[in-house]
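Working notes, structure below.
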Amino acid sequence: MVKEFESSINEKDFILQGIKEGLRLDNRDKYDFRQIGITFGPDYGRSEVTLGNTRVLAKVSCEVTRPYQDRPAEGMITLNTELSPMAFPSVEPGRPSEEEILVSRILEKAIKRSRSIDTEGLCIVANEKVWSIRVDMHFLDHDGNIIDAACIAAISALAHFRRPDITVIGEEVTIHSIEQRNPVPLSIHHMPICVTFAFFENGEYVVVDPTLQEEQIRQGDMTMTLNVHKEICALSKAGGTPLKMETIINCSQIATTRAKWITEQIQAALDAEKSKK
Amino acid sequence: MTSNEDKMEIDHEGTELDVVLPGDPINIARKDDLKLGPGLTLTQDSVICIKAGLLKHFNKKNKWYVESNQKRYIPAEGDPVIGIVTYKGGEYYRLDIGSAHQAILPILAFPNVNKKSRPILNIGSLVYARITLANKDMEPEVACCNPKTNKDEGFGELKNGFVIKCSLRYCRRIISQETEICSLLKKLGEKHEINLAIGMNGRIWIRLKSDDTRDTIYCYDVIKRAENLDNDDISELINSLND
């Protein structure tokens, strides 16, 4: 399999020129986001998110395991990303690429470390049995900004997920199937939303929600993770051009409104799904 | 361009629709001077289809081919393609033309060159070239000049501009100068002076004489929008451009 070569010099020059003039290929303004679509799959805990041409599928599953010894009363959450050549031909199958590692690290910080999911509520019997929740994210189409799309997919899939109900009598644990008893939702403290910015020409030009071609020529990027309460859960900026303080404050203001809007969209999609059932 | 002789006459004998699927045997009555195009192959005595699509043929010349759509380019001799330089060597350049293997562009395949005056191409440059060798067991080869006349015939490096990526069928529709697409391009040409280079590998290079970014994006958008429209919708699109 030959690697798909990245864009030509002509294309890169053109896109950079466009950004300098405040023009983007898809007729967006520099602070415009692409259209977002959230659909929930046939079963609980599956959601597909589109962000322009970028498409991510998230699937949540659960099983009962033994807890970590240092955290006997906490459930586990595992995030797994799957970036295959289906998304973008230059991805090498098998070994995770640098980009994929970065994406999964940011998502880990955004969802796990921000304590958005109540892990203590996943405990069944302390020291013995806890729920282990696993989120698999598959990147189906890569047209830039997979972090934002994956974050929305993961958090909406977690919000849509229902785990089987259980009863505990002494040491005896009974897991009721979905047919027997209504499954229970996870308790979600808040919904962290990632907002990615791309910087060009030493941070002089800022663009939100970059496409793949814009990502190829950016000089730096920054991902902010916020929730609807205007709390910044994570901020990651792995190298790239240094930024002015005003730029970061400006970005955080954009991200705040964006996070609020996305949370409303997720909520609306969840409500629409609920009324269907 | 299209002379009357070359006008297609679709043969309706046997089937009502000329949809063929891989493995279908093709009945060809005349065997004299038979020419098979893409999507058809000859096994011993019979012609077999190897692609899903519409079976078409030129009645007068006994040429047969399957019209289909795909995104992955398979090199064919004589096709004009747009490639991106990925490697610079002493004897040749390597171009990414979107096919399974990269194409080789020998340094001597330019007009008026010798070993001392080589063309200057950098990694990432865009090149418009014609495929001179397409063999399924070998790397494809391209050239930027006609060896008979030693002229570039419009091929060579493409400077500035932008690339539209589209399906192979859309490229074929533009290059065969379908009337609707022609009038769409003419409509765009009224306002802007456009240079187009159409590669059969699903890449269209566009450059406006003014090099204005806004206008280029506008033309890019219109050409891209017409990709998935049929002729009636393209006429509608042309009308909407009037406003």
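Rounded to the nearest 500, what is the protein assembly as shown's calculated 222 nm mean residue ellipticity when only DSSP H runs of at least 4 contribute -39500 (n - 2.57) each, over all residues?
Details: 9 runs with 120 residues, N = 520.
Rounded to the nearest 500, the figure is -7500 deg cm²/dmol.
If you build a Gaussian network model of chain A, linking Cα atoms that sit under 10 Å apart, which residue out of A:150, A:234, A:126 swings the most?
Ranking A:150, A:234, A:126 by mean-square fluctuation puts A:126 first.
In what sequence do A:132, A:187, B:99 fall when counting other Cβ within 10 Å, fewest first? It would help to have the intermediate numbers written out before the result.
Details: A:132 17, A:187 11, B:99 21.
Ranking A:132, A:187, B:99 by Cβ neighbours within 10 Å, fewest first, gives A:187, A:132, B:99.
Would you list which lysines come within 30 Å of residue A:129, measuring only between C-alpha atoms, while excluding same-chain residues fewer than 8 positions from it?
Straight-distance partners of residue A:129: A:59, A:109, A:112.
Packing-wise, with mean Cβ within 10 Å as the measure, how do A:166-174, B:119-127, B:162-170 rank, highest first? All intermediate terms of the calculation are to be shown ahead of the outcome.
Details: A:166-174: 10.2, B:119-127: 17.4, B:162-170: 19.1.
Ranking the peptides A:166-174, B:119-127, B:162-170 by packing returns B:162-170, B:119-127, A:166-174.
If you count, for every residue in A:186-192, the Cβ atoms of partner chains within 10 Å of its Cβ, what is the mean?
Per residue, the number of nearby Cβ atoms from other chains is 0 on average.
Residue by residue through the stretch A:180-187, which ³J(HN,Hα) values in whole Hz follow from phi under the Karplus form 6.51 cos²θ - 1.76 cosθ + 1.60 (θ = phi - 60°), with glycine and proline marked x?
6, 9, 4, x, 9, x, 6, 8
Starting with the fewest neighbours, write out A:60, B:47 ranked by other beta-carbon atoms found within 10 Å of each beta-carbon.
Numbers: A:60 23, B:47 17.
Lowest count first: B:47, A:60.
Under a 5 Å amide H to amide H cut-off, with H placed in plane at 1.01 Å, what residues pair with residue B:133 once short-range neighbours are removed?
Counting only residues 5 or more places away or on other chains, the set is B:141.
What does a probe at residue B:153 reach in the stretch B:57-95, counting residues whose amide N is under 16 Å from the point 7 Å along Cα→Cβ?
From the stretch B:57-95, the list is B:76-82.
Of the listed pairs A:20/B:224; B:88/B:116; A:30/A:244, which have alpha-carbon separations greater than 20 Å here? Mind dumping the intermediate values first?
On the way: A:20/B:224 23 Å; B:88/B:116 16 Å; A:30/A:244 18 Å.
Result: A:20/B:224 exceed 20 Å.
If you plug each phi of the stretch B:172-182 into the Karplus form 6.51 cos²θ - 1.76 cosθ + 1.60 with θ = phi - 60°, what whole-Hz ³J(HN,Hα) values come out, in order, with x for Gly and Pro?
Each residue of the stretch B:172-182 in turn: 5, 5, 6, 5, 8, 6, 4, 4, 5, 5, 4 Hz.
Under the rule that a partner needs its Cβ under 4.7 Å from the first Cβ, which Cys of chain A have none?
Lacking a cysteine Cβ partner under 4.7 Å: A:62, A:123, A:233, A:251.
Could you work out, residue by residue across B:210-218, how many beta carbons of other chains sit within 10 Å of that residue's beta carbon, and then give the average as an integer?
Details: counts 0, 2, 2, 10, 5, 0, 5, 8, 2.
For peptide B:210-218, the averaged partner shielding equals 4.
Using a ≥ b ≥ c from the Cα gyration tensor of the stretch A:9-276 (square roots of the eigenvalues), is it rounded, prolate or oblate, where a/c under 1.5 gives rounded and otherwise the larger of a/b and b/c decides, a/b for prolate? All intermediate terms of the calculation are to be shown ahead of the outcome.
Details: a/c = 2.10, a/b = 2.02, b/c = 1.04.
The shape class here is prolate.
Most mobile of A:235, A:226, A:158 per a Gaussian network model of chain A (Cα springs, under 10 Å)?
Its mean-square fluctuation being the largest, the pick is A:235.
GluC sites (Glu not before Pro) within the stretch B:34-104: which are DSSP loop residues with at most 10 other Cβ atoms inside 10 Å? Can you show the working numbers first?
Details: sites: B:67, B:77, B:91; in loops: B:77, B:91.
Passing both the DSSP loop test and the Cβ count: B:91.
What is the set of long-range amide H partners of residue B:92 at a cut-off below 5 Å, with H atoms built 1.01 Å from backbone N?
B:107
Arrange A:277, A:230 by Cβ neighbour counts within 10 Å, fewest through most, would you? Before the final figure, lay out the partial values.
Working: A:277 5, A:230 13.
With the sparsest Cβ surroundings first, the list reads A:277, A:230.
Express the relative contact order of chain B as a whole percentage, based on alpha carbon pairs under 8 Å and six or more residues apart in sequence. Numbers along the way, then the final one.
Details: 449 pairs, mean separation 34.8, N = 243.
Relative contact order for chain B comes out at 14 percent.
Using the beta-carbon distance between residue A:70 and residue A:108 and R0 = 25 Å, what value does 1/(1 + (r/R0)^6) give for FRET efficiency, to the nearest 0.05?
Numbers: r = 18 Å, r/R0 = 0.74.
After rounding, the FRET efficiency stands at 0.85.
Please list, ordered by chain and number, the residues whose modelled amide H lies under 5 Å from the amide H of residue B:70; skip anything fewer than 5 residues away on the same chain.
Placed amide hydrogens put B:168, B:169 under 5 Å from residue B:70.
What helices in chain A pass both tests, a Cα length along the helix axis of 24 Å or more and a mean Kyte hydropathy of -1.0 or higher, using whole DSSP H runs? Each step should come with its number before you reach the end.
Values: long enough: A:245-276 (46 Å, -0.31).
What comes out of the filter, once short or polar helices are dropped, is A:245-276.
Loop only per DSSP, at most 13 neighbouring Cβ atoms within 10 Å: give me the GluC sites (Glu not before Pro) in the stretch A:204-255, ordered by residue number. Walk me through the numbers on the way to the answer.
Working: sites: A:204, A:214, A:215, A:231, A:246; in loops: A:204, A:231.
When the GluC sites (Glu not before Pro) of the stretch A:204-255 are filtered for loop state and at most 13 Cβ neighbours within 10 Å, A:204, A:231 remain.
Shielding by partners for A:9-21, please: the mean number of other protein chain Cβ atoms within 10 Å of each residue's Cβ. List each step's numbers first, then the result.
Numbers: counts 9, 13, 8, 1, 5, 11, 2, 0, 5, 5, 1, 1, 4.
Per residue, the number of nearby Cβ atoms from other chains is 5 on average.
Using each residue's phi in the stretch B:28-37, evaluate 6.51 cos²θ - 1.76 cosθ + 1.60 at θ = phi - 60° and report the 3J(HN,Hα) Karplus result to the nearest Hz, with x for Gly and Pro.
My calculation for the stretch B:28-37 gives 10, 6, 8, 10, 6, 6, 6, 10, 10, x Hz in order.
FYI, it's all coordinate maths here, none of it is from the lab. In this text, all values refer to a predicted model and were calculated from it rather than measured experimentally. All Cβ positions, even for glycine, are placed from backbone atoms using ideal geometry, and neighbour counts span all protein chains on display.
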